[in-house]
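Just below is one structure, and these are the notes that go with it.
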Amino acid sequence: LQGLYTDDYYRIQQMNNQLINSQRALQKSNQKLKQVLAQVQEANTTIDALEHDSLTGLYRLPGFVRRVSQALDAAPGQAFDIIVLDVANFTLLCDVFGSKVADKLLQDLALFLTGLEHANQGLFARKAGDLFYIYMPAQFCFPELLQEKLPAFFDSYPLPIRMHGMVGVYSASTAEIPPLQMCDRARLALNTLPQEEVRVAHYDRSMQDDLLREHKLLDSVPDALKRHEFLLYLQPKVDMFTGETVGAEALVRWQHPELGFVPPNAFIPLLEREDVIYPVDQYIWEAACQFLARRRELGLPPLPVSVNMARRDIYREDLLDVLDRLIKKYDLDPRLLRLEVIERAYTEDSGRIVFNVLSQLRKRGFWIEMDDFGTGASTLSMAADIPIDVLKLDRSFLTQFPESPRHVEIVRFVVQLARALDLRLVAEGVETKEQADALCKLGCRYAQGYYYSRPLPAEDFLK
Ligand code: C2E
Ligand code: CA
Ligand code: CA
């Protein structure tokens, strides 16, 4: 008995030890488990942070694309829209008011979007800058909703720059291509829109080729600047009363190594839209200064050259410095470098920024010419108030001139207007002797056009 008792006692003690060991092991595992759980939680937070844009709280593009994939898998065959929204003039806003104001706009816009009807049925993302992507089942007609509601958002937004939303849409009912490519296609549709108003464009296949071409052009701009592929052409401005050449307009040409000779209309609007026009304009401004210096070296009389200034250039902080530096570097009279600014730059400048910048340029002695006059929406009171020296009548007014009596009356009116405001008037696009004669008869003194000369390479112009 005694033996048995000792034996059991020993066994119980052993079991007890085992129990204690197990308990310890369990405790350890528990701790480990807690650690792992904490790690998982941390990883989740990181994933969340990675998937979400910290500024607006919307998805970032990779997270968005993943969720769209899941949504498409969950509802096969359901028609849907991938929508991209871009804020027109956003870069301008950043340049002029700084990133704080711009960030606030993006946050407000995100709130606005996610507050729209049916927003909880879709997915929203922001990609670096001002691009918003939206996934939405087609039944909620979100593109139409945006078109209806966005203008009010931007119109009531308390900033003095006129902004609006532009919307591109890719629609489908099957997931034939990966979501990222759908986003690209919506973007492609967006890029076909003019910058002026809120509109919606839908993707179609032919857009792809245009995009490739545009990419090629945009990508090659920095090299083109280094390799001097941009060329300065000059077109004379003529005093029709005396027949003398009284100035010239500087016009850019691009001698592209692969695409050959690219006319300005094929790349200037693109460069403006993508906000890469400024370095190219500066390049031409400098070329114009070199031309003026060259004339002086050759002992030729001074001849003012007018350069084009893209709308966005005016909003650049260093614009005045850049021009001052050029004038100094080539030791020029600022009156010889004239600046052509399109009329729309004035009429779409609700914050009077353009007005202020151009006033300052004028104080420095530069002449300002209002380009394409008649295509914007100047009012008379505005024209009287604006800092300009020259009006350039847009060439569209001459297409039916002098055959159409209405057009004759319009030109007569503009001549009177210019006279009343004490501005020089230059008629653009004079192609025939009849036009020149009729303009002279109406009292328009200056002209530019193929009738006098096409734009010429700077060297030929010198000769
Ligand atoms: P723009 O400033 O209105 O320039 C006048 C345009 O009319 C030039 O076209 C010129 O070649 C063309 N032109 C001149 N006379 C006649 C004519 O009698 N008949 C017709 N049909 N056309 C005539 P171009 O050189 O193709 O330039 C087109 C536009 O590209 C310019 O219009 C201007 O807005 C822009 N551009 C050209 N060079 C520059 C530049 O260096 N910087 C910027 N920002 N824009 C430029
Ligand atoms: Ca011009
Ligand atoms: Ca013009």
Note on the range 223-232: residues in a helix (DSSP H, G or I) and open to solvent by 70 Å² or more (accessible area, probe 1.4 Å) are 226
Members of the range 304-328 that are acidic (Asp, Glu), part of a helix (DSSP H, G or I) and open to solvent by 20 Å² or more (accessible area, probe 1.4 Å): 321, 324
Of the criteria (1) part of a loop (DSSP other than H, G, I, E, B); (2) more than 30 Å from residue 211 (Cα to Cα), which one residue 275 fails: (2)
Within the range 180-194, is there a residue that is modelled with pLDDT under 85 and either surrounded by fewer than 14 Cβ atoms within 10 Å (Cβ to Cβ) or of a type in the set (Lys, Arg) (or both)? yes
How many residues are under 19 Å from residue 428 (Cβ atoms), away from ligand 2 (no atom under 12 Å from the Cβ) and in a loop (DSSP other than H, G, I, E, B) if we restrict to the range 376-394? 6
Between a first residue in the range 153-174 that is over 15 Å from residue 107 (Cα atoms) and a second residue that is among the aromatic types (Phe, Trp, Tyr) and at pLDDT 95 or above, which pairs have beta carbons less than 8 Å apart while being 6 or more apart in sequence or on different chains? 171/80; 172/80; 173/80
Is one or more of the residues making up the range 306-328 over 30 Å from residue 194 (Cβ atoms), in contact with a strand residue (DSSP E or B) (Cβ under 9 Å, 6 or more places away or on another chain) and not small (Gly, Ala, Ser)? yes
Taking the conditions exactly as written (at pLDDT below 90, small (Gly, Ala, Ser), open to solvent by 50 Å² or more (accessible area, probe 1.4 Å) and under 20 Å from the mean Cα position of the chain (by Cα)), does residue 350 satisfy them or not? yes
Can you pull out the residues in the range 275-297 that are open to solvent by 50 Å² or more (accessible area, probe 1.4 Å) and either free of Cβ contacts under 8 Å to residues at least 24 places away in the same chain or near ligand 1 (Cβ under 9 Å from one of its atoms) (or both)? 283, 296, 297
Against the definition (surrounded by 14 or more Cβ atoms within 10 Å (Cβ to Cβ) and at pLDDT 90 or above), how does residue 211 come out, yes or no? no
Failed criterion for residue 79 (all others in (1) at pLDDT 95 or above; (2) surrounded by fewer than 16 Cβ atoms within 10 Å (Cβ to Cβ); (3) in contact with an Asp or Glu (Cβ under 8 Å, 6 or more places away or on another chain) hold): (3)
Pairs please, first residue from the range 57-80 and among the small types (Gly, Ala, Ser), second anywhere and assigned to a helix (DSSP H, G or I) and open to solvent by 80 Å² or more (accessible area, probe 1.4 Å), Cβ atoms under 8 Å, 6+ apart in sequence or on different chains. 63/50; 79/139
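Residue-wise test of (1) touching a strand residue (DSSP E or B) at 6+ places or on another chain (Cβ under 8 Å); (2) within 30 Å of residue 442 (Cβ to Cβ); (3) within 16 Å of ligand 2 (Cβ to nearest atom); (4) not in a loop (DSSP other than H, G, I, E, B).
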| residue | (1), (2), (3), (4) |
| --- | --- |
| 175 | no, no, no, no |
| 209 | no, no, no, yes |
| 236 | yes, yes, yes, yes |
| 252 | yes, no, yes, yes |
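The values are calculated or read from the model by the stated rules, or taken from the named source; none is laboratory data. The structure presented is a predicted model; accordingly, all values stated were derived computationally and were not measured. All Cβ positions, even for glycine, are placed from backbone atoms using ideal geometry, and neighbour counts span all protein chains on display. In case anyone asks, the SASA skips ligands and DNA or RNA and just uses the protein heavy atoms, side chains included. Shrake-Rupley method; radii C 1.70, N 1.55, O 1.52, S 1.80 Å.
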